[in-house]
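S.K.: Handing you this structure, nothing more for now.
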């Protein structure tokens, strides 16, 4: 079986200090992409389509394209042995009873698309029209829709004006769940006046909707992570003369030079082996045209700050020489806040049957290996619902006095709650020996913001992450409504025969009791965004890091392309939007090459 060729730092760079006798062309590339994750894999694939262009990808983790990493259910467990998930503790949050939560990202080629819940969600069209309202011209839904279509290959839906079968990235939907309870719970959600829809990714979807999700699973029932879709072995082997993929390699900092006219230009990258026992030498590679940071919303701001680009007071504190004072770097972090309501169910209604029954494992493995079907072939979550909390009445029903209030193309109508029914334990602690079903109300349009900052000037140290949950107390208002909606859905599902027994639910329904439950059970969703956000200016009323072409303000030859550029967090799962951003970024870079 062919494999993606993995290179080492010494294969792609020159040792530091740079020997002037070594020809510069030996370590120079047209483009250097820092991070081969969800967006970086797409960008590398698209840029290297041009046979006249050379591309270097520097990825912190390995390729590690194992069988287990392709099986949907196995790969989606970030706590399993052999996972490529990187986890560490965020800062304690005084406003959430001092709790500290774990942050997580994928550290391998393909990034978090290797370990996430596989969900392909674009979000309603008003999300991107909101970006345009924030001053990001060229980023409205009509601008991004062609890029969603460019990458997509929908396997189980018909090709339409909004769904494509021509792209390299497969997805399919699951109208029926492996768990019978899901049908009952979905019916209960719809009884709260939340409209059942056939395709949640259709731009005509209303602001309050429930339906079957699309998941990145290919024809062989494997996870279609972006490395496998955009950088498969066949492609990387065909392009190995011009596309270099350097794995297990840590970027230390960017080289940013002052030009004769006083302007700044990013010229190269310093890096070494991720394994400290193999990091005796540091290496350098030079970019002829551009460097692109695609290290994610936690990694990209860290690299900018290590390179002297960031809030000057913070850089001084950490002993990093200031190259460019840019307060927005690492600021404005956002993530979705989730609060699982947990119920005990019979094992047959829960994914946990695989942990508690050898027979269930044998049946699931046999079905998957012989037919590509069964529990192992489907995502943890097959159904979701979106709701604007402002439309929920005292009985947790959606009430729209005017149909226009449900027009999701209008930014003021955006849903702010996602209610996810999941046949799995969604708390941050194990609950052994029980079948678990979760209802997961999630605040998808939080007002609260956090930050990413350097822990030290050592590039090997994980950055300090302050999730900032409830730094704006107004976030309690919609999240309370989400919890009450979940309680209503559970009660209605029981009336229809769902065997839900309360396990971890609020003690009561007053604001104080629900708020206390929220603080005790709050978890993050790993949908980190906006730490290098896009905007018209670096300073002023809405400071930003990159412009609408994703170029870093004040630094030539440097862009950022990942979820960190989102002007604000989207009310949807962030993987498909990250790929669309990468597709658009690649086109903008190709256009710049021709100009």
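The values are calculated or read from the model by the stated rules, or taken from the named source; none is laboratory data. None of these values were measured; they are calculated from a predicted model. All Cβ positions, glycine included, derive from the backbone under ideal geometry; neighbour counts span all protein chains shown.
S.K.: Here are 529, 563, 572: which of them is farther than 30 Å from residue 54 by Cβ and touching a strand residue (DSSP E or B) at 6+ places or on another chain (Cβ under 6 Å)?
M.R.: 529
S.K.: Further question: I'm trying to understand the selection: among the residues of segment 42-51, which are more than 24 Å from the chain's Cα centre (by Cα) and touching a residue at least 60 places away in the same chain (Cβ under 8 Å)?
M.R.: 50, 51
S.K.: Of these, 538, 498, 461, which one is surrounded by 22 or more Cβ atoms within 10 Å (Cβ to Cβ) and in a loop (DSSP other than H, G, I, E, B)?
M.R.: Answer to the selection: 498.
S.K.: Within the bounds of segment 472-493, is there any residue that is in contact (Cβ under 8 Å) with a residue 60 or more places away in the chain, farther than 23 Å from residue 385 by Cα and part of a loop (DSSP other than H, G, I, E, B)?
M.R.: No; the residues of segment 472-493 include none that is in contact (Cβ under 8 Å) with a residue 60 or more places away in the chain, farther than 23 Å from residue 385 by Cα and part of a loop (DSSP other than H, G, I, E, B).
S.K.: Looking only at residues that are without any contact (Cβ under 8 Å) to a residue 60 or more places away in the chain and outside any helix (DSSP H, G or I) in segment 2-41, which one is surrounded by the most Cβ atoms within 10 Å (Cβ to Cβ)?
M.R.: Here the answer is 22.
S.K.: Say whether the condition of being out of contact with any helix residue (DSSP H, G or I) (no Cβ under 9 Å at 6 or more places or on another chain) and closer than 14 Å to residue 44 by Cα is met by at least one residue in segment 542-562.
M.R.: So far as segment 542-562 goes, no, none of its residues is out of contact with any helix residue (DSSP H, G or I) (no Cβ under 9 Å at 6 or more places or on another chain) and closer than 14 Å to residue 44 by Cα.
S.K.: Pick from 240, 244, 234: which is over 26 Å from residue 331 (Cβ atoms) and part of a strand (DSSP E or B)?
M.R.: Working: 240 fails: part of a strand (DSSP E or B); 234 fails: part of a strand (DSSP E or B).
Step by step, each of 240, 244, 234 is checked, and only 244 is over 26 Å from residue 331 (Cβ atoms) and part of a strand (DSSP E or B).
S.K.: So which residues in segment 312-338 are more than 30 Å from residue 520 (Cα to Cα) and touching a strand residue (DSSP E or B) at 6+ places or on another chain (Cβ under 7 Å)?
M.R.: 312, 314, 323, 324, 326, 329
S.K.: Any chance you could count how many residues in segment 239-277 are free of Cβ contacts under 8 Å to residues at least 60 places away in the same chain and either crowded, with 16+ Cβ neighbours inside 10 Å or within 18 Å of residue 12 (Cα to Cα) (or both)?
M.R.: Number satisfying all stated conditions: 3.
S.K.: Kindly indicate whether residue 95 is in a helix (DSSP H, G or I), surrounded by fewer than 19 Cβ atoms within 10 Å (Cβ to Cβ) and at pLDDT 95 or above.
M.R.: Yes.
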